[in-house]
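> Before I ask anything, here is the structure I am working with.
The values are calculated or read from the model by the stated rules, or taken from the named source; none is laboratory data. No experiment lies behind these values; they were computed from the predicted model shown. A quick note on method: Cβ atoms are made from the backbone with ideal geometry, for glycine too, and the neighbour counts reach across all protein chains shown. In case anyone asks, the SASA skips ligands and DNA or RNA and just uses the protein heavy atoms, side chains included. Shrake-Rupley method; radii C 1.70, N 1.55, O 1.52, S 1.80 Å.
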Amino acid sequence: MRHSTIYIIAITVSLIAILTAACSNSSTTSYTPSDDPTVDALTLSNDSFPALKKAVFTVEDKIDTGLIYNVDSLEYGTKIDKVIPKFVFSGSVVSAAIIYTPNDTIALTGGDTIDFSVRPVYLHTISESGDADKWYEVQVNVHQTDPDLYLWELLADDILPQQFSRQKAVMLRDTIYLFASNGLSAVCLYSADGKTFVPKEVPFDNFDVQNTLVHSDTIICCMHDGEIATLGSANASWQKMKFDDSLPFTIDKLLLSFCYSPYDWTEIPDSVWALVTDKSTGVPGVATSADFSEWVYMDNLPAEFPVSDFAAVTFFSPTGRPRAMIVGGFSAEGASLNTRWNMEYEPESGYRWENFTVEQPDFTSLTGASIIYYNKHFLMFGGANAENMVDNAAIMESYDEGMNWNETDSAHNHMPDTYTNRAYQSVLVDSNQNIYVIGGKSCNKVFSDVYKGKLNSINW
């Protein structure tokens, strides 16, 4: 880059600066031109891209060639081929500042447009006195990947030895546990990467695989007879918990795990919520437990609350309130529901239930969907309608905590062409914010595959 032409231009500019300085010295006013050509700062401007003005540049001075660059890359899609740079110098002014690009050489005058999209770009500064100069490489960094794009891939296919129509996967310490049953026997497989699955013995004949969740670093599963089994890790043994006859209700279905820990409400332990039935009256209700042994009856079930095949997720609101969302499912009478129940805990008033369907009724009946809270909004996968047809979009999203839902933008969040819309899939998120969509079924097929996805900017 530093060929003879560059030096001829630089020397010519320097001579002009020296002659100008000599003329000024002949006047009665004494003035000493600066010998400092150092760059202190850089700002960019382009009316079409206002974000350019907010870019913060770092200047690194080096003996040979310094470096000027922005640590935080500009937004994806920002055009930098017609940018006006403004340099600030330690010596207030310099006799010359020359930009060299692969396509052009420009002596800066203050309003010059530079193409920073091609590299390398060099800046040559010559002090006001003409006695010193410096070279810098200028790098304007722009994100090269779309931050709003979700990248999806098929990790594994046919991971189950046969078609198990009942499936449920959970995640414990970034390990996936897949439970499956054909109605006669149940299997358990676990995987650390979503590709290779290892079998784990299931010693119970009455194992309800879809009635499984993770709470307090433990997998818990409700048996068909209402008892509970727990598993702490892949190397541990299952522990079965039997309740005595003094419990006034039967445990029918695990609802969700409600957590308070991020906001240190130490007076309230994290709790498991379960759907129960009063032994004497047969009335369905809700009970909670902190340790799976002692259970507390909370309340009767609200009208139109699901008892099976619902989607449930816990999350924290922007104000720090622990909340849960329960969507769709079947009622006790077997009707497919379009309900969206929001449960919130308030220290002043306790637990509160609200059915968002009352305010926003335009929501389809839905069973077998899956919901996660991801990047501060809900993503809902799959599901079947009231006719048990899988015609829902592959992915829906809600930015107002479940009140309103829309299909995701297909340009940014679209499952691969190999993916078939389905219901009863499991959707998990690991500590690195990877999303796993596992198994499920459509009207005429049972799936045992694993898809992995992630938002580009989730960890930026």
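> Share of antiparallel DSSP beta bridges in the chain, in percent to the nearest 5?
Working: 119 of 125 bridges.
Counting only bridges with both partners in the chain, antiparallel ones make up about 95 percent.
> Give a quick list of trypsin sites (Lys or Arg not before Pro) in segment 381-450 that DSSP marks as loop, anything other than H, G, I, E or B, with at most 16 other Cβ atoms within 10 Å.
Values: sites: Arg422, Lys441, Lys445; in loops: Arg422, Lys445.
Hits after loop and neighbour filter: Lys445.
> Additional query: Please enumerate, by chain and number, the lysines with C-alpha under 22 Å from the C-alpha of Lys82, excluding those fewer than 8 residues away in the same chain.
Straight-distance partners of Lys82: Lys53, Lys54.
> Can you pick out the pairs among Lys242/Lys445; Lys240/Lys279; Lys253/Lys445; Lys253/Lys376; Lys62/Lys86 whose Cα atoms lie more than 30 Å from each other?
On the way: Lys242/Lys445 37 Å; Lys240/Lys279 22 Å; Lys253/Lys445 26 Å; Lys253/Lys376 28 Å; Lys62/Lys86 21 Å.
Checking Cα-Cα distances, Lys242/Lys445 exceed 30 Å.
> Averaged per residue, what accessible surface does the chain expose to a 1.4 Å probe, in Å²?
On the way: 22500 Å² over 460 residues.
Accessible surface, normalised per residue, equals 49 Å².
> Moving to a separate point now. Once you keep just the Cα pairs under 8 angstrom separated by 6 or more residues, what percentage relative contact order results for segment 212-351?
Numbers: 272 pairs, mean separation 19.6, N = 140.
Taking the mean separation of contacting Cα pairs over the length of segment 212-351, I get 14 percent.
> Something else about it: Quickly estimate the mean residue ellipticity at 222 nm for the chain, helices only: each DSSP H run with n ≥ 4 gives -39500 (n - 2.57), and the total goes over all residues, rounded to 500.
On the way: 1 runs with 22 residues, N = 460.
Theoretical 222 nm ellipticity from helices: -1500 deg cm²/dmol.
> Setting aside same-chain residues fewer than 8 positions from Lys134, which aspartates and glutamates have a Cα under 16 Å from its Cα?
Asp35, Asp36, Asp40, Glu60, Asp61, Asp64
> Test of the criteria: in segment 349-431, which GluC sites (Glu not before Pro) are in a DSSP loop and have at most 12 other Cβ atoms within 10 angstrom of their Cβ?
Details: sites: Glu354, Glu359, Glu387, Glu397, Glu401, Glu407; in loops: Glu359, Glu387, Glu401.
In loop regions of segment 349-431 (DSSP not H, G, I, E or B), the sparsely surrounded GluC sites (Glu not before Pro) are Glu359, Glu387.
> After finding the eigenvalues of the alpha carbon gyration tensor for segment 272-393, what semi-axes result from the square roots of 5 times each, listed largest first in whole Å? Could you put the intermediate results ahead of the total?
Numbers: eigenvalues 112, 81, 33 Å².
Square roots of five times the eigenvalues give 24, 20, 13 Å.
> Hey, got the dipole for the chain? About the Cα centre, +1 on K and R Cβ, -1 on D and E Cβ, debye to the nearest 20? Provide the component values of the computation, followed by the final result.
Details: 28 positive and 59 negative charges, 154 e Å.
It comes to approximately 740 debye.
> Follow-up question, since we're still on this one. Taking amide H positions as placed in the peptide plane 1.01 Å from N, state which residues far from Ala386 in sequence (5 or more) or on other chains have amide H under 5 Å from it.
Sorted by chain and number, the residues that satisfy this are Ser365.
> Could you please state how large a percent of the accessible area of the chain is carbon and sulfur, counting protein chains only and using a 1.4 Å probe?
Details: 10940 of 22500 Å².
Here carbon and sulfur together make up 49 percent of the probe-accessible area.
> Treating only the Cβ of Lys, Arg, Asp and Glu as charged (+1, +1, -1, -1), what charge dipole size does segment 359-406 show about its Cα centre? Round to the nearest 20 debye. Let's see the in-between values first.
On the way: 1 positive and 7 negative charges, 42 e Å.
Using only the charged Cβ atoms, the result is roughly 200 debye.
> Using +1 at the C-beta of Lys and Arg and -1 at the C-beta of Asp and Glu, which of Thr364, His224, Tyr451 has the Cα lying farthest in the positive direction of the dipole of the chain?
So the residue we want is Tyr451.
> List the trypsin sites (Lys or Arg not before Pro) within segment 286-387 that fall in a DSSP loop (any state other than H, G, I, E or B) and whose Cβ has at most 16 other Cβ atoms within 10 Å.
Numbers: sites: Arg323, Arg340, Arg352, Lys376; in loops: Lys376.
Here the sparse-neighbourhood loop sites are Lys376.
> Given +1 on the Cβ of Lys and Arg, -1 on the Cβ of Asp and Glu, and no further charges, what dipole in debye does segment 341-450 carry about its Cα centre, rounded to the nearest 20? It would help to have the intermediate numbers written out before the result.
On the way: 5 positive and 16 negative charges, 111 e Å.
With only Lys, Arg, Asp and Glu charged at Cβ, the dipole is about 540 debye.
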